[in-house]
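**Q** Before I ask anything, here is the structure I am working with.
The values are calculated or read from the model by the stated rules, or taken from the named source; none is laboratory data. In this text the structure is predicted, and so the values were computed from the model without any measurement. Every residue, glycine among them, receives a Cβ derived from its backbone with ideal geometry; neighbour counts consider all protein chains shown.
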Amino acid sequence: MPDAKKFAQHLIDTNPVMLFMKGNPMFPQCGFSGAVVSVLKKHGVPFHHFNVLSDEGIRDAIKELAEWPTIPQLYVNGEFVGGCDIVREMDASGELVDLFEKTTKAS
């Protein structure tokens, strides 16, 4: 798992908006992943994704890195934001727009 952790951390560090999900943006393989993709697309946010179903090591590594047991997991500017429920709540409150605006200005 050390290599998986390094790779996951590399993805987080090199992509301003990183989504670990089940499936891909065109074909999410769970409703929660699909919901987060929809929120990101709604805001026109470019993001990188990784399908955790393709690599059990990465799936386990990100759970450990974030100390968060579920997928999807969203990172913005290297910081763990949360899973589906948190992303939806932040979207509803407007916090997510503020976070994305900071990301746009930072990149």
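**Q** If I filter the stretch 1-59 down to residues being loosely packed, with under 14 Cβ neighbours inside 10 Å and among the hydrophobic types (A, V, I, L, M, F, W, C), which single residue comes out as nearest to Glu101 (Cα to Cα)?
**A** Met26
**Q** Which numbered condition in (1) under 25 Å from Lys6 (Cα atoms); (2) free of Cβ contacts under 8 Å to residues at least 12 places away in the same chain is the only one that Gly44 fails?
**A** Of the numbered conditions (1) under 25 Å from Lys6 (Cα atoms); (2) free of Cβ contacts under 8 Å to residues at least 12 places away in the same chain, the odd one out for Gly44 is (1).
**Q** Does Gln73 count as in contact (Cβ under 8 Å) with a residue 12 or more places away in the chain and farther than 25 Å from Lys102 by Cβ?
**A** no
**Q** Of everything in the stretch 17-50, what is of a type in the set (S, T, N, Q) and more than 22 Å from Glu79 (Cβ to Cβ)? Give them in sequence order.
**A** Within the stretch 17-50, Asn24, Gln29 qualify.
**Q** Related question: Go through the stretch 68-81 and report how many residues are surrounded by fewer than 19 Cβ atoms within 10 Å (Cβ to Cβ) and under 13 Å from the mean Cα position of the chain (by Cα).
**A** Result for the stretch 68-81: 6.
**Q** So Leu65 clears everything in (1) aliphatic (A, V, I, L, M); (2) under 19 Å from Ser38 (Cβ atoms); (3) crowded, with 16+ Cβ neighbours inside 10 Å except one condition, right? Which one?
**A** Checking Leu65 against (1) aliphatic (A, V, I, L, M); (2) under 19 Å from Ser38 (Cβ atoms); (3) crowded, with 16+ Cβ neighbours inside 10 Å, the one that fails is (2).
**Q** Please return the ranges of helices (runs of 4 or more DSSP H) entirely within the stretch 1-106 where 3 or more residues are modelled with pLDDT of 95 or more.
**A** 2-14, 31-42, 56-66, 84-93
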